[in-house]
Amino acid sequence: MKKLVLAAALTAAASSASAGSLADPIIEAPVIVEEANSSSAGILIPLLLIAVVAAAVAID
């Protein structure tokens, strides 16, 4: 009889065991690192475009 009670208790303990909790996992947001651009980069491309257009006009 003791073995039956022991087997029943172990079965009940094993079936109710849980590997985790019922709470939702907390997922942290990834860190995004942006490199800073220099302030002259915004004006450099238009100046090069004007120089190319001026050179094309001067050739004609």
Would you mind stating whether ALA17 is at pLDDT below 80, part of a loop (DSSP other than H, G, I, E, B) and under 37 Å from the mean Cα position of the chain (by Cα)? yes
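Out of PRO30, PRO25, I need the residue that is assigned to a loop (DSSP other than H, G, I, E, B) and modelled with pLDDT under 80. Which one?
PRO25 is the lone residue from the list that is assigned to a loop (DSSP other than H, G, I, E, B) and modelled with pLDDT under 80.
The values are calculated or read from the model by the stated rules, or taken from the named source; none is laboratory data. Please read these numbers as outputs of a predicted model, since none were measured by experiment.
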